[in-house]
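K.L.:
Input: one structure, supplied below.
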Amino acid sequence: MSEIVIFGAGGRAGRHAVAEAVARGHRVTAVVRDPAAHQALAGDGVALVRGDATDAGSVAAVAAGHDAAISAVARLDTPPEEFFVGTAHALLDGLARAGVGRLVLIGIGTTLEVSPGVMLLDTPGFPAEARAFSLGHVAELEALRAAPTSVDWLVLAPPPTLLDAEAARTGRYRVGGTQVAAAEEGVLFPYADLAAALVDEIEAPKHHRTLVAVAP
């Protein structure tokens, strides 16, 4: 059994990560900005706490005593590059202070490559309104790669499509590489299987300090 702190636990990906970790017998600290809005998360094996993933001091405080961390944080009311870069620095700093050695973050599929050296976000016809958010994730990855840190981080990027919040967990997924994985038409990746991939990389780390794709 591990102690896992999950930032952004109130979102769809975060809630599924909490459920997956608890189902495997881990103890979870679910970190949200407003605990009053997420009381459904609290329960056996879950401590619901207020925290700020953009503040290293807050990260260190809530992460103390934990073995690993998951980040499922996102903000739409802050410039994406500012938010994701700030979060990357705060998480690495705070987790290192707390002695947490493993961090698995959720990336975004638009940063995966469609051909060598060409990210999906750089292809013709990519929606202009989605570009800034995707570039925020690119900047986050660059910040992680440049940071001199003891934290063993990993970014898992799901497919560049909507994920299925209702589909049951299958426990089956493919992981690896930085290219968009070919997918069967009409098949959406369940959040529940993304959660399985996240927790698998905590229980048995296979990828380190890199971005990898995860897909059905």
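K.L.:
Say we join alpha carbon atoms closer than 10 Å with springs in a Gaussian network model of the chain; which of Glu129, Glu201, Glu142 then has the biggest fluctuation?
P.N.:
Glu129
K.L.:
Follow-up question, since we're still on this one. Got a sec? What order do Thr178, Thr87 fall in by accessible area at 1.4 Å, biggest, i.e. largest, first?
P.N.:
Thr178, Thr87
K.L.:
For segment 1-98, what does the alpha-carbon gyration tensor say about shape, rounded, prolate or oblate, given a ≥ b ≥ c as the root eigenvalues, a/c under 1.5 as rounded, and a/b over b/c as prolate?
P.N.:
The shape class here is oblate.
K.L.:
Determine the calculated [θ] at 222 nm for the chain from helices alone, applying -39500 (n - 2.57) to every DSSP H run no shorter than 4 residues and normalising by the residue count; nearest 500 deg cm²/dmol.
P.N.:
Result for the chain: -10500 deg cm²/dmol, rounded to the nearest 500.
K.L.:
Modelled label-to-label distance, Thr161 and Ala183, 7 Å Cα→beta-carbon offset: nm?
P.N.:
0.5
K.L.:
Express the accessible area of segment 13-102 per residue in Å², computed with a 1.4 Å probe while the remaining protein chains stay in the model.
P.N.:
44
K.L.:
How large is the dipole of segment 1-82 about the Cα centre if only Lys and Arg carry +1 and Asp and Glu carry -1, each at its Cβ, rounded to the nearest 20 debye?
P.N.:
It works out to roughly 280 debye.
K.L.:
Against the longest principal axis of the chain, how steep is helix 191-203, in degrees 0 to 90 to the nearest 10, with axes from Cα atoms?
P.N.:
60
K.L.:
Quote the relative contact order of segment 22-111 in percent (integer), defining contacts as alpha-carbon pairs under 8 Å separated by 6+ residues.
P.N.:
RCO, segment 22-111: 29 percent.
K.L.:
A further question follows. Excluding Val85 itself, what net charge comes from residues whose Cβ is under 13 Å from its Cβ, given Lys and Arg +1 and Asp and Glu -1?
P.N.:
It works out to a net charge of -3.
K.L.:
A further question on this structure: With the crude spin-label approximation of a point 7 Å out along Cα→Cβ, what separation in nm comes out for Lys206 versus Met1?
P.N.:
Placing both labels 7 Å along Cα→Cβ, they lie 2.7 nm apart.
K.L.:
Note down the accessible area of Phe126, probe 1.4 Å, to the nearest 10 Å².
P.N.:
40
K.L.:
Let me ask you something else. Grab every C-alpha pair in the chain, bin the distances at 10 angstrom width from 0 up to the longest one, and report whole percents.
P.N.:
9, 36, 39, 15, 1
K.L.:
Hey, another quick one. Compute the Cα gyration tensor for segment 40-94, then decide on rounded, prolate or oblate, letting a ≥ b ≥ c be the square roots of its eigenvalues: rounded whenever a/c is under 1.5, prolate when a/b is larger than b/c in the other cases, and oblate in all that remain.
P.N.:
oblate
K.L.:
With both partners inside the chain, how many of the DSSP beta bridges are antiparallel, as a percent to the nearest 5?
P.N.:
15
K.L.:
Quick one: angle between helix 80-98 and the longest Cα principal axis of the chain, in degrees between 0 and 90, rounded to 10, please.
P.N.:
For helix 80-98, the angle is close to 40 degrees.
K.L.:
Further question: With +1 on the Cβ of every Lys and Arg and -1 on the Cβ of every Asp and Glu, and nothing else charged, how large is the dipole of segment 79-216 about its Cα centre, in debye rounded to the nearest 20?
P.N.:
Rounded to the nearest 20 debye, it is 380 debye.
K.L.:
For segment 77-108 and segment 8-56, compute the distance between their C-alpha centroids and round to whole Å.
P.N.:
Cα centres, segment 77-108 to segment 8-56: 16 Å.
K.L.:
Just to confirm a number: summing +1 for Lys and Arg and -1 for Asp and Glu over residues other than Asp200 whose beta-carbon lies under 13 angstrom from that of Asp200, what do you get?
P.N.:
That sum, taken over residues with Cβ under 13 Å, equals +2.
K.L.:
Considering only DSSP beta bridges whose two residues both sit in segment 1-52, what percent are antiparallel, to the nearest 5?
P.N.:
10
The values are calculated or read from the model by the stated rules, or taken from the named source; none is laboratory data. All values reported here derive from a predicted model rather than from experimental measurement. Positions of Cβ are generated from backbone atoms using ideal geometry, with glycine treated the same way; all protein chains shown enter the neighbour counts. Just the protein is used for accessible areas: all its heavy atoms, side chains included, with ligands, DNA and RNA removed. Shrake-Rupley method; radii C 1.70, N 1.55, O 1.52, S 1.80 Å.
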